[in-house]
2 protein chains.
Amino acid sequence: MKRISIHTLKRLPRYHQYLLEQQHSGVQKVSAKQIALALELNEVQVRKDIQYVTKSPGKPKTGHITSTLVYEIETFLGYHQTNHACLIGVGHLGKALLNYEGFLEKGLEISVAFDKDETKIDQSIKQIKVLPMSQLRPICNRLKIQLAIITVPSEQAQEVTDLLIESGIKAIWNFAPTTLVVPSDVFVYQEDLSISFSVVSHHLQKLVTKGDIK
Amino acid sequence: MKRISIHTLKRLPRYHQYLLEQQHSGVQKVSAKQIALALELNEVQVRKDIQYVTKSPGKPKTGHITSTLVYEIETFLGYHQTNHACLIGVGHLGKALLNYEGFLEKGLEISVAFDKDETKIDQSIKQIKVLPMSQLRPICNRLKIQLAIITVPSEQAQEVTDLLIESGIKAIWNFAPTTLVVPSDVFVYQEDLSISFSVVSHHLQKLVTKGDIK
């Protein structure tokens, strides 16, 4: 597998969404140029991104077969396999993620949730059971869970992380706004909602200064 | 103002975070090369991104004065002004955002929240009052709010959007997983949590195939 940038990985779901729409509209072939135009991206970049996921170069003028490219992106991004995850911290954000509809079709299944608050134990949210922290290690081992989603407050995130690593977790999607210390074989993806806001904020400034976002 | 890509806008907060850390450690000058190395990005790209925010080209070897660059990025991203926002939909995600600590320092202040559920009206979350939908238009007008955050279920999002536009909203940060129809002078930033998951998912596949993410 070639090295791939995080930016490519984040553009691929957008191509997928666009291609799915085209497929549903009966469009049988789509070129990199069309994708670039529709999503307001650079054509060379789109072409490069697509090279990661497909062996077919696409025909110079007509491009790629839509359904094939959809399938190839899905395979590349792992939508056809199921990644079982545990979620730690059943607060507002935790509950929002447990209720989120869009994960399953992308191959993410939150199998179990944990919280240290005894009043939350044994509740079920969308059929996902909330268990006490003492169960984390045995359950992750038994279910062979490698992915954890952290939605605890910042000051508890490192302690939770240490426990997750002891429990065999290899990838962490961290929503707590704090940098986690992990061994080199554990992957952390740091979610930062305020980064999206930079795009919105810049636009609001534009309302005054009249620039443009491409 | 030059046209700027969404990718640049999303990288700038990462530079800002890194530069702040450097500044706190007493590092007085930082070059594009150092930023690129630390964040595993392309140096040419970092250099280009920085050109958007600063008039100073930076010295060829030593780079930019850390504190100046921090300030320039903050100004560019609008952290020094306050963007007042309203939030529609006080469910789990809405509550999570109302409780989120990181917005204020980036210039985002959620001033008021709205919900159609009468049992939620007049509650306060972090001193932000929940008001009925009937108050949306007069309150947004009175407070001159131009930014709205949508956290209602997908099927209600368009109806809410129409009301927001009537109320003078010019920018929408949409967390509902649905495409909104808006006039051309209204900016929508579509949040999609499952896009971040594509990065995590790709890593989990790596555990088997042993690739690498740059």
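The values are calculated or read from the model by the stated rules, or taken from the named source; none is laboratory data. Everything numeric in this text was worked out from a predicted model, so none of it was measured. Every residue, glycine among them, receives a Cβ derived from its backbone with ideal geometry; neighbour counts consider all protein chains shown. Just the protein is used for accessible areas: all its heavy atoms, side chains included, with ligands, DNA and RNA removed. Shrake-Rupley method; radii C 1.70, N 1.55, O 1.52, S 1.80 Å.
Descriptive notes on the structure:
- Three-way shape label, segment B:83-194, alpha-carbon gyration tensor, a/c 1.5: rounded
- For the listed residue pairs A:Lys55/A:Lys129; A:Lys126/B:Lys170; A:Lys106/A:Lys129; A:Lys29/B:Lys106; B:Lys106/B:Lys129; A:Lys120/B:Lys116, the alpha carbons are over 31 angstrom apart in A:Lys55/A:Lys129; A:Lys126/B:Lys170; A:Lys29/B:Lys106.
- Annotation: for a label point projected 7 angstrom from Cα along Cα→Cβ of B:Gln127, residues of segment B:58-89 with backbone N closer than 19 Å are B:81-87.
- Fully extended contour minus Cα-Cα distance, from A:Leu37 to A:Thr119, at 0.36 nm per residue: 24.3 nm
- Only Cα pairs under 8 Å and 6+ residues apart enter the sum, and on that basis the relative contact order of chain B stands at 13 percent.
- For chain A, the carbon plus sulfur part of the accessible surface works out to 51%, probe radius 1.4 Å.
- Each 5 Å bin from zero up to the one holding the largest Cα-Cα distance in segment A:91-155 carries the following percent of pairs: 4, 16, 28, 28, 18, 6, 1.
- Calculated FRET efficiency, B:Arg142 to A:Glu155, Cβ-Cβ distance, R0 = 30 Å: about 0.20 to the nearest 0.05.
- Residues B:Lys10 and A:Ser56, FRET efficiency given R0 of 51 Å [Cβ-Cβ distance, rounded to 0.05]: 0.95
- Spacing of the modelled spin labels on B:Ser134 and B:Gln81, each 7 Å from Cα toward Cβ, amounts to 3.5 nm.
- Cubic angstrom per residue, convex hull over Cα atoms of segment A:7-55: 72 Å³
- For the chain pair A and B, buried accessible area totals roughly 6100 Å², probe 1.4 Å, rounded to the nearest 100.
- With all protein chains modelled, accessible area of A:His80 [1.4 Å, Å²]: 90 Å²
- Computed over every Cα-Cα pair of chain A and binned at 5 Å starting from 0, the pair-distance distribution P(r) comes out as 1, 6, 12, 15, 14, 13, 12, 11, 8, 5, 2, 0, 0 percent.
- Shortest-first nm distances, A:Thr75 label point to equivalent points in other copies (7 Å, Cα→Cβ): 5.2
- Length-normalised contact order for segment A:1-128 - Cα pairs under 8 Å, 6+ apart - percent: 20 percent
- Bridge type composition, segment B:83-194 - antiparallel percent by DSSP, nearest 5: 10 percent
- Those trypsin sites (Lys or Arg not before Pro) in segment A:1-74 that DSSP places in a loop and that have at most 14 other beta carbons within 10 Å: A:Lys2, A:Arg3, A:Lys55, A:Lys61
- DSSP beta bridges confined to the protein assembly as shown are antiparallel in about 20 percent of cases.
- Considering all C-alpha pairs of segment A:1-109, those separated by over 19 Å amount to 49%.
- Point-charge dipole on Cβ atoms (K/R +1, D/E -1) for the protein assembly as shown, about Cα centre, debye to 20: 1800 debye
- Shielding by partners, peptide A:120-127 (average Cβ within 10 angstrom, other chains): 0
- Take A:Met133, push a point 7 Å out from Cα through the beta-carbon direction, and compare it with the same point in every other copy: 4.1 nm, smallest first.
- Lys/Arg +1, Asp/Glu -1 at C-beta; segment A:10-61 dipole; positive extreme among A:Ala36, A:His24, A:Tyr52: A:Tyr52
- Column: log10 I(q)/I(0), Debye, Cα scatterers of the protein assembly as shown, q = 0.10, 0.11, 0.12, 0.14 Å⁻¹: -0.78, -0.95, -1.15, -1.54
- Relative to the other identical copies, A:Val188 shows label-point distances of 3.5 nm, where the label point lies 7 Å from Cα along the Cβ direction and values run shortest first.
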